[in-house]
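The values are calculated or read from the model by the stated rules, or taken from the named source; none is laboratory data. Worth saying up front: this structure is predicted, and the values here are computed from it rather than measured. Because the Cβ atoms are built from the backbone with ideal geometry, glycine has one as well, and the counts that use them run over all protein chains shown. Areas reflect the complete protein model, heavy atoms only, side chains present, ligands, DNA and RNA absent. Shrake-Rupley method; radii C 1.70, N 1.55, O 1.52, S 1.80 Å.
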Amino acid sequence: MQAEQELLQDYIEQSRSAVFFGGAGVSTDSGLPDFRSTDGIYQMKYPYPPEQILSHEFFFAHTEEFYQFYREKIAIPAILPNITHIKLAQMQAAGKLSGIVTQNIDGLHQAAGSRNVYELHGSIHRNHCLRCKKAYALSDILGQEGVPRCACGGVIRPDVVLYGEELEGGTLSGAVHAISGADLLIVGGTSLSVYPAAGLLRYFQGRHLVLINQTATPMDARADLCFSCKLGEIFGRISL
């Protein structure tokens, strides 16, 4: 793997507009579970399947059960950025990385200092009242028991994209613009099985595609470099 690591280093040094596209595997080194691995959230046993709990229909039909799961498994506040988040922020500061497109909702890229982060599925740190639209922080969600409510009595919901909902248009167009203008696309910590997010890779027309994931993805055959390991093993060796 040493030769491939050196080639990745060369790609980064030559790049002027790299983009990173990431999924749940980016944050596992910070202690957050992913979704589809053998130890992931989708393998855990609940009264309802996690995919159903995290859906638009379930949120409105079983709001209290949604929030019980959400607080236990999704909205975890005491998590810090790991080496991957930190190195990506350093790449951006060095003028090598123009943007980050993430499927994650944990806000760890921004916590590490990154900017131009396109959060395709929203963020646990943004919440609003369904009645009066007042904005709330994550602490407001975690500071209440049961269904969190606004002072006006309305239900507070997180600004995250649930199953059955469309991606936010402005974020989506920004991500497409970033990927289409990239000279290097590094894809990490995602199985590329969640659409429409995974479909954004078709907009990449740059020089080099790099994939880093513990399991195979549908795009492996098209990649210039393909690493089958944790992201931290690769990003921990990148020098800037």
**Request:** Answer with yes or no whether residue 192 is outside any loop (DSSP other than H, G, I, E, B) and surrounded by 15 or more Cβ atoms within 10 Å (Cβ to Cβ).
**Result:** no
**Any hit, segment 39-52, residues being over 21 Å from residue 238 (Cβ atoms), at pLDDT 95 or above and not aliphatic (A, V, I, L, M)** = no
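Out of all the residues in segment 74-109, which are without any contact (Cβ under 8 Å) to a residue 24 or more places away in the chain, assigned to a loop (DSSP other than H, G, I, E, B) and either buried (at least 22 other Cβ atoms within 10 Å of the Cβ) or hydrophobic (A, V, I, L, M, F, W, C) (or both)? Please lay out each step first, then the result.
From segment 74-109, those without any contact (Cβ under 8 Å) to a residue 24 or more places away in the chain are 78, 93, 107; that's our starting set.
Next, only the ones that are assigned to a loop (DSSP other than H, G, I, E, B) stay: 78, 107.
Answer for segment 74-109, where residues must be without any contact (Cβ under 8 Å) to a residue 24 or more places away in the chain, assigned to a loop (DSSP other than H, G, I, E, B) and either buried (at least 22 other Cβ atoms within 10 Å of the Cβ) or hydrophobic (A, V, I, L, M, F, W, C) (or both): just 78.
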**Item:** Residue under evaluation residue 200, criteria (1) out of contact with any helix residue (DSSP H, G or I) (no Cβ under 7 Å at 6 or more places or on another chain); (2) in a helix (DSSP H, G or I); (3) not polar (S, T, N, Q), criterion not met
**Value:** (1)
**Message:** Taking the conditions exactly as written (in contact with a Cys (Cβ under 9 Å, 6 or more places away or on another chain), open to solvent by 50 Å² or more (accessible area, probe 1.4 Å), more than 27 Å from residue 19 (Cα to Cα) and modelled with pLDDT of 95 or more), does residue 157 satisfy them or not?
**Reply:** no
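Can you tell me which residues in segment 175-185 are more than 15 Å from the chain's Cα centre (by Cα) and touching a residue at least 24 places away in the same chain (Cβ under 8 Å)? Lay out the reasoning, then the answer.
Here is the first cut: in segment 175-185, the ones more than 15 Å from the chain's Cα centre (by Cα) are 176-185.
Within segment 175-185, 176, 178, 179, 180, 181, 182, 183, 184, 185 meet the criteria.
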**Message:** As an exercise: evaluate residue 170 against (1) part of a loop (DSSP other than H, G, I, E, B); (2) farther than 20 Å from residue 85 by Cα; (3) modelled with pLDDT of 95 or more; (4) among the small types (Gly, Ala, Ser) and give the number of the one condition it does not meet.
**Reply:** (1)
**Request:** Please work out which residue is least open to solvent (accessible area, probe 1.4 Å), limiting yourself to segment 110-145 and to residues that are part of a loop (DSSP other than H, G, I, E, B) and free of Cβ contacts under 8 Å to residues at least 24 places away in the same chain.
**Result:** 137
